[in-house]
Each structure stands twice: as structure tokens, then as C-alpha cells.
Amino acid sequence: MPRWLAFCRIAFGALAAVALGVAGYHAATGPVGVPDFFSYFTNLSNLAAMAVLLLGGWAGLTGGRPVPPVVRGAVLLCTTVTGLVYGLGVASYPGEVMLPWAGQVLHRVMPVVMLADWLVDPPARRIRLLPALAAWLAFPLLYLGYALIRGAVTDWYPYAFLDPALPRGYERVAGACFLTTCGFALVGAALVWSGNLAADRRAAWTGTRPGSRRAHARPT
């Protein structure tokens, strides 16, 4: 891994940590509270992105083991959906939940950073679509279950489409969860395609096949 990429990963990982830390402190000292703050999908996905970037950057500087592609892909899927949903205006935060600058970092900057990192340093081996989607969708599905169970206990839901108290109740919630899962799968398929395309282009540029020994060798 080029050292500049390792430094970039650490820098953006630190930026995400600062944004989460400041926004979390703002929530802890305000009406939101830390448990609700970290029940938002955006904050959890950015927490994972922060960890992936910092660990990946540190591995690049020290020669350690890189973050597994399945983990990078799963976190990329979560941050990409976060950025798309926010960019389309489908979901937004109440003013007291997210500081404006932190919101921009977590909703706009980090999704772009994670996608750029994926394309600049794609997995060395081609990704198989169905196994990748099965692994990548695990966290979003677990999150939906967590949000519904916690909401039933606390009577608080991070997003309106999960609230069964609204019209049509659990019928609407089930439909929304199904459509959300389909949306994640479509975005995931696009990310698999983009990762494989980037890997093929890198292999063509270096004269290697993805997954070959030469593909892992350090250029001289």
C-alpha cells in the first residue's frame, strides 16, 4: 500500500472520530442522549468506517494485516446508503441531534471517502456477488431488528418508517423494511461491480490477474 494512502486513511478516520466525538458530546449534554444518538444508522456506520480507516491506515504504515475485503465492503455499503439517502433528502436529522458541520462530515464526506478508498485500493481478488451481498447485508438486517426491538421497549424509533404507531402499523413497517433491504442489495450489487471493475483495471495496468501472486507483489 502506498504510504500516502495509509496517511489519508488515518487522517479521514481521525476526522470521523472528531465528528462523532463532538456530535456525541452534543447529544449527551442535550435532549437526545447517547443511547438514542448511537441508535441512528448513520452514526453506527460512521463508527465502523472510522475503525476500518484507522486500522487500514495503521496496517499500511506498519506492514500489518489489512482489513478484510468483506469488512470493507460491508462498511462501504452502509456509508454509501447513508450518503445516498441523505443526498436525496429522504431522511434528515432534527436540528438538535447533529451539529451542522458534523452532519456534513458524516453524511457527505465519509461516504465519498469510503467509496474513493474502495476504488483506489480495490480487493485483490474479484468479488462474487451473492456471497458478498449475503455478508454485507448482515449488519443492516441486524440493525433493523435492533431498532424495532429497542423501539418496542423504549417507544422511540430513529426513523419514522420503523414506527408501527403510524398509519397501517406493522404492515407498513414490514413493507418499508423489505424495500429498504432491496435498496441495500441494489447498492451492494453496484459496489461489487465497481470493485471488480477497479480490480480489473488495476490488473490490466500492472499486467497481472486479480488474485495472482504478482498482484500482491510490491512494485520495484
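Filtered by the rule that a residue be touching a residue at least 24 places away in the same chain (Cβ under 8 Å) and hydroxyl-bearing (Ser, Thr, Tyr), the stretch 170-185 gives Thr180, Thr181.
Which residue, of Pro35, Pro111, Pro31, Pro66, is out of contact with any Phe, Trp or Tyr (no Cβ under 7 Å at 6 or more places or on another chain), open to solvent by 60 Å² or more (accessible area, probe 1.4 Å) and under 21 Å from Ala6 (Cα atoms)?
Pro66
Is there a residue being in contact with an Asp or Glu (Cβ under 9 Å, 6 or more places away or on another chain), without any contact (Cβ under 8 Å) to a residue 24 or more places away in the chain and at negative phi anywhere in the stretch 186-202? No, because not a single residue in the stretch 186-202 is in contact with an Asp or Glu (Cβ under 9 Å, 6 or more places away or on another chain), without any contact (Cβ under 8 Å) to a residue 24 or more places away in the chain and at negative phi.
Would you confirm, using the coordinates I've provided, whether Ala116 is assigned to a helix (DSSP H, G or I), modelled with pLDDT of 95 or more, open to solvent by less than 30 Å² (accessible area, probe 1.4 Å) and of a type in the set (A, V, I, L, M, F, W, C)? Answer is no for this residue.
So which of Thr79, Thr42 is touching a residue at least 40 places away in the same chain (Cβ under 8 Å) and under 22 Å from Leu191 (Cβ atoms)?
Details: Thr79 fails: touching a residue at least 40 places away in the same chain (Cβ under 8 Å).
After applying the criteria, what remains is Thr42.
Inspection of the stretch 161-182 identifies at least one residue that is on the phi > 0 side of the Ramachandran plot, over 26 Å from the mean Cα position of the chain (by Cα), at pLDDT below 95 and charged (D, E, K, R). Annotation note: of Arg150, Arg126, the sole residue that is modelled with pLDDT under 95, more than 16 Å from the chain's Cα centre (by Cα) and either surrounded by fewer than 18 Cβ atoms within 10 Å (Cβ to Cβ) or within 15 Å of Cys78 (Cα to Cα) (or both) is Arg126. Per the conditions (1) touching a residue at least 12 places away in the same chain (Cβ under 8 Å); (2) surrounded by fewer than 20 Cβ atoms within 10 Å (Cβ to Cβ); (3) assigned to a helix (DSSP H, G or I), the sole criterion not satisfied by Leu142 is (1).
The values are calculated or read from the model by the stated rules, or taken from the named source; none is laboratory data. Remember, it's a predicted structure, so these values are computed and weren't measured experimentally. A quick note on method: Cβ atoms are made from the backbone with ideal geometry, for glycine too, and the neighbour counts reach across all protein chains shown. These accessible areas exclude ligands, DNA and RNA; they are computed on the full protein's heavy atoms, side chains included. Shrake-Rupley method; radii C 1.70, N 1.55, O 1.52, S 1.80 Å.
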